[in-house]
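**Q** Got a structure for you, questions after.
Values in this text are rule-based calculations from the coordinates and carry no lab data. What you see is a predicted model; the values in this text were computed from it and never measured. Positions of Cβ are generated from backbone atoms using ideal geometry, with glycine treated the same way; all protein chains shown enter the neighbour counts.
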Amino acid sequence: MTIRIKRLLWCGAGIFCAWLLVSRLTPSPTGIGTHEQFGLPPCPLHWLTGWPCPACGLTTSWCHLSHGAWAAAFRAHLLGPLVPIGLAGWAAFNVPSAQWAWAGGLSIGLASWLISIMRLSGLF
């Protein structure tokens with residue numbers, strides 16, 4: 001078995017385990033805070049400032065995704081549904097340049113975070 005296949009199998013197993021875990025949750029109607037059902041504290045940045053952190057809404061997004069609600073998953077976090085697909089793609093094709101992967105990921109993450117701030121602030 002090649003390294004690529006092993007990596008893809010491990011990635012698939014991880015995504016499946018995460019799906020099993022979040023499929024038992026009820027998505028938060030506010031779009032953030034679903035992780036609190038695990039007993040975790042609220043997001044410190046959101047609690048202190050009222051602004052979401054870059055990860056706010058990911059658990060809610062994955063919860064919607066596990067229930068088959070794709071549109072709600074994208075509304076909760078733009079990158080939420082794309083993370084498992086991106087991980088599987090990385091595992092299968094092994095991105096050749098880590099610098100480009102980090103630069104692209106940070107750029108997309110920053111844009112997603114700004115959109116989340118505007119959405120949760122009522123700007124659109």
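**Q** Search the structure for amide H atoms under 5 Å from the amide H of G57, placed 1.01 Å from N in the peptide plane, and list their residues when 5 or more places away or on another chain.
**A** Hits under the 5 Å cutoff: G33.
**Q** Same structure again: Could you run the Karplus curve 6.51 cos²θ - 1.76 cosθ + 1.60 with θ = phi - 60° over the stretch 47-53 and give me ³J(HN,Hα) per residue in whole Hz, x for Gly and Pro?
**A** 5, 7, 10, x, 9, x, 7
**Q** Let me ask something additional. For the chain, what does -39500 (n - 2.57) per DSSP helix run (n ≥ 4), summed and divided by total residues, give at 222 nm, in deg cm²/dmol to the nearest 500?
**A** -19500 deg cm²/dmol
**Q** Taking θ = phi - 60°, what integer Hz values does the Karplus form 6.51 cos²θ - 1.76 cosθ + 1.60 yield along the stretch 20-36, in sequence order, with x for Gly and Pro?
**A** My calculation for the stretch 20-36 gives 4, 5, 6, 5, 8, 8, 9, x, 5, x, 7, x, 9, x, 4, 4, 5 Hz in order.
**Q** While we're on this one: Provide the gained length on full extension for the span E36 to I5, in nm with one decimal, where the gain is 0.36 nm per separating residue minus the Cα-Cα distance.
**A** 7.7 nm
**Q** Further question on the same structure: Rounded, prolate or oblate: which one fits the stretch 20-81, using the alpha carbon gyration tensor with axes a ≥ b ≥ c (rounded when a/c is under 1.5, else prolate when a/b beats b/c, else oblate)? Intermediate values should be presented prior to the final figure.
**A** Working: a/c = 2.41, a/b = 1.41, b/c = 1.71.
It is oblate, given that a/c is not under 1.5 and a/b is not larger than b/c.
**Q** Arranged from highest to lowest average of other beta-carbon atoms within 10 Å per residue, in what order do the peptides 1-14, 62-75, 27-40, 106-119 appear?
**A** On the way: 1-14: 12.0, 62-75: 18.1, 27-40: 16.0, 106-119: 14.5.
In decreasing order of mean packing, 1-14, 62-75, 27-40, 106-119 become 62-75, 27-40, 106-119, 1-14.
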